[in-house]
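Peer 1: Structure provided below as structure tokens; questions to follow.
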Amino acid sequence: MPPMSFQPATPEEMQERIFKLETDIEWLSRRDQLTGLLNRVAFLSEVDGHLLNKTGLNCGCAMVEIVVRGMPRISGTLGRHVADYVISSLAARLNRMALPPNTTARIDHNHFAILLHDVNDPLEALTLAKGILTTLSQSVDWLDRHLVVELAAGVALAADNEGDGANFLHNAELALKSATNRGGPAYAFFNPALAQGAKRRNDLLLAMQSCIEKNQLSLNYQPVFNSQTRQLAGFEALLRFNAPELGSVSPSEFIPVAEEAGLIDRIGTWALMEACNAASAWPNHLTVSVNISPEQFYSGTLVTVVHNALELASFPAYRLELEITEGVFLKDSDAVLTQLSTLREMGCLIALDDFGIGYSSLSYLWQFPFSKLKIDRAFVNALESTVMAKGVLQSIIGLAENLGLKVTAEGIETEAQAKALTELGANYLQGFHLGYPTRVADLPGLMMKAARDRLPQPANSDLSNTTVRFAG
Ligand code: C2E
Ligand code: MG
Ligand code: MG
């Protein structure tokens, strides 16, 4: 056999090969490997280029970000390869719809972005985005199955973008977040208030992190009274967060931020320890209630955290009440039930808080081991304005009684409400009329007054004052 002849490449051929290799490398570095769409970095550089060429705000384009929900479910039940197939199929549809010069990208494993060119008004952008959602939402066929995914989109206009491509995409992301946070349509439009809201949440988060580091969180305690005797029965611990640069911020605002940022476990653990510790100095008949976020259940450490808090404070479980809201049942209700049952077996009391707003599902009442129902103040207010409220309250309290649950009426602001709820059968009353949330240092005085005077008069109308006042 003649020896194989090796023909060295000519300089031109070498040049060509190198050029092809460079092109391939460049293509690969700019593309998402699964779908062939642009990746995030390449997409942002394209958007930057476009914004520069078309002089930014007036460039007449819209950014759409789409999230494909339910992928972990598909991946978990049918396998990662099927999830990949679904994403590739959606990417192919997207590519067919958003033709050049529109630019499409896969910016994260279940997120797509599209830069729509020549779009100037919100309605046009929204119509295009809705069209894309409709097409992408059609089922994907896998063997004999029709797989359906849920989608949501956030839309932003270049006219509202005061920054670069990354900022433009961020605006679409904020819109997407607002679409996924609320019910209703699966799309939302960016508006500057969303950016302000995001900035506020970020400021809050930074302030909270610094407060936690410096040990500057505190708890106030709001008294709860026995409705029949008006004797003090216990206190609800309410978190207070005073950031020097933001002033006093309501827990209704900062708790969701802490939940989203994964800080709530740390804050909730601190609150449990602190409340048990404070309450261990109170007379034996007084209970302490602590609010528990749903996230504390999902982390799976709640039972241990409660156990440790009780042990460290040498505080008996039967004096600790854990307040949960119906939101806790939205995710893994079996895991929640297991933890609640263990906590009940340990002797803790469990209250369902804010009943009457949210889902108000009566089925929770007998499915879960509650010891108490807390009727939300919205219901107490409705008593005076809505005729049917009385009948509904009567039925709820009757049902709770049949199930062996105690009832607390929250948000009592007038003596008339206190009397009405007592007559309807609520066992406990809580509200500004009877006592404001109070600093721990002022509790001994409050307890002494409550013991001296079992029939508190209306509190001072200055709601900003955190000291409880009883008529002498
Ligand atoms: P909540 O557990 O239902 O607490 C009762 C809220 O109603 C408190 O608001 C209390 O100050 C307020 N309140 C009490 N009586 C009256 C009244 O007569 N009239 C009116 N208008 N309001 C009254 P706050 O302290 O702002 O807390 C808001 C919510 O933040 C709490 O609602 C609870 O869901 C949450 N929260 C507070 N502390 C914690 C905590 O340590 N952990 C968790 N996860 N959530 C907490
Ligand atoms: Mg509560
Ligand atoms: Mg409540």
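Peer 1: When residues of the range 206-222 are filtered for being within 16 Å of ligand 1 (Cβ to nearest atom), part of a helix (DSSP H, G or I) and not β-branched (Val, Ile, Thr), how many remain?
Peer 2: Result for the range 206-222: 2.
Peer 1: Ok, one more. Can you list the helices (runs of 4 or more DSSP H) lying wholly within the range 59-168 that have 1 or more residues being under 22 Å from residue 192 (Cα atoms) and modelled with pLDDT under 85?
Peer 2: 122-137
Peer 1: Among the residues of the range 447-456, are any surrounded by 14 or more Cβ atoms within 10 Å (Cβ to Cβ), modelled with pLDDT of 90 or more, assigned by TED's automatic domain parsing to the domain that holds residue 233 and touching a helix residue (DSSP H, G or I) at 6+ places or on another chain (Cβ under 6 Å)?
Peer 2: Among the residues of the range 447-456, not one is surrounded by 14 or more Cβ atoms within 10 Å (Cβ to Cβ), modelled with pLDDT of 90 or more, assigned by TED's automatic domain parsing to the domain that holds residue 233 and touching a helix residue (DSSP H, G or I) at 6+ places or on another chain (Cβ under 6 Å), which makes the answer no.
Peer 1: Right, another one. For the range 299-338, which residues satisfy the criterion of being within 15 Å of ligand 1 (Cβ to nearest atom) and part of a helix (DSSP H, G or I)?
Peer 2: Those that are within 15 Å of ligand 1 (Cβ to nearest atom) and part of a helix (DSSP H, G or I): 302, 305, 306, 309, 326, 327, 328, 336.
Peer 1: Among the residues that make up the range 327-346, is at least one of them in contact with a strand residue (DSSP E or B) (Cβ under 7 Å, 6 or more places away or on another chain) and within 16 Å of ligand 3 (Cβ to nearest atom)?
Peer 2: no
Peer 1: Collect the residues in the range 421-446 that are out of contact with any helix residue (DSSP H, G or I) (no Cβ under 8 Å at 6 or more places or on another chain), over 30 Å from residue 217 (Cα atoms) and either among the polar types (S, T, N, Q) or touching a residue at least 60 places away in the same chain (Cβ under 8 Å) (or both), keeping them in residue-number order.
Peer 2: 422, 427
Peer 1: Here's a follow-up. Return the pair list, or none, for Cβ contacts closer than 6 Å from residues in the range 400-420 that are in a strand (DSSP E or B) to residues that are of a type in the set (Phe, Trp, Tyr), at least 6 apart or on different chains.
Peer 2: Listed pairs, sorted by first residue: 408/428.
Peer 1: Search the range 266-287 for residues that are basic (Lys, Arg) and pair each with any residue that is within 14 Å of ligand 1 (Cβ to nearest atom) when their beta-carbon atoms are under 7 Å apart and the residues are at least 6 apart or on different chains.
Peer 2: Close Cβ pairs (under 7 Å, with a partner that is within 14 Å of ligand 1 (Cβ to nearest atom)) amount to 266/212.
Peer 1: Another question, then. Only residues that are surrounded by 14 or more Cβ atoms within 10 Å (Cβ to Cβ) and either under 30 Å from the mean Cα position of the chain (by Cα) or closer than 19 Å to residue 450 by Cα (or both): list them for the range 416-433, please.
Peer 2: 418, 422, 427, 428, 429, 430, 431, 432, 433
Peer 1: Of the numbered conditions (1) loosely packed, with under 15 Cβ neighbours inside 10 Å; (2) within 16 Å of ligand 3 (Cβ to nearest atom), residue 193 fails exactly one; give the number of that condition.
Peer 2: (2)
Peer 1: For the structure I just gave you, tell me whether residue 275 is closer than 30 Å to residue 181 by Cα, near ligand 1 (Cβ under 9 Å from one of its atoms) and either of a type in the set (A, V, I, L, M) or in a helix (DSSP H, G or I) (or both).
Peer 2: Answer is no for this residue.
Peer 1: Looking at the structure I just gave you, is residue 225 in a strand (DSSP E or B) and at pLDDT 90 or above?
Peer 2: Judged against the criteria, residue 225 is a match.
Peer 1: Which of the residues spanning the range 318-329 are over 17 Å from the mean Cα position of the chain (by Cα) and surrounded by fewer than 19 Cβ atoms within 10 Å (Cβ to Cβ)?
Peer 2: 318
Peer 1: Test of understanding: among 274, 295, 253, 311, which residue is surrounded by fewer than 18 Cβ atoms within 10 Å (Cβ to Cβ), more than 16 Å from ligand 3 (Cβ to nearest atom) and among the acidic types (Asp, Glu)?
Peer 2: Selected residue: 311, the only one of 274, 295, 253, 311 that is surrounded by fewer than 18 Cβ atoms within 10 Å (Cβ to Cβ), more than 16 Å from ligand 3 (Cβ to nearest atom) and among the acidic types (Asp, Glu).
Peer 1: Determine which single condition residue 290 fails, assuming it passes every other condition in (1) outside any strand (DSSP E or B); (2) out of contact with any Phe, Trp or Tyr (no Cβ under 6 Å at 6 or more places or on another chain).
Peer 2: (1)
Peer 1: Next question, about the same structure. Looking only at the range 331-370, filter to residues that are free of Cβ contacts under 8 Å to residues at least 24 places away in the same chain and polar (S, T, N, Q); which one of those is nearest to residue 382 (Cα to Cα)?
Peer 2: 363
The values are calculated or read from the model by the stated rules, or taken from the named source; none is laboratory data. Please read these numbers as outputs of a predicted model, since none were measured by experiment. Quick reminder, even Gly has a Cβ in these numbers, built from the backbone with ideal geometry, and neighbours come from all protein chains shown.
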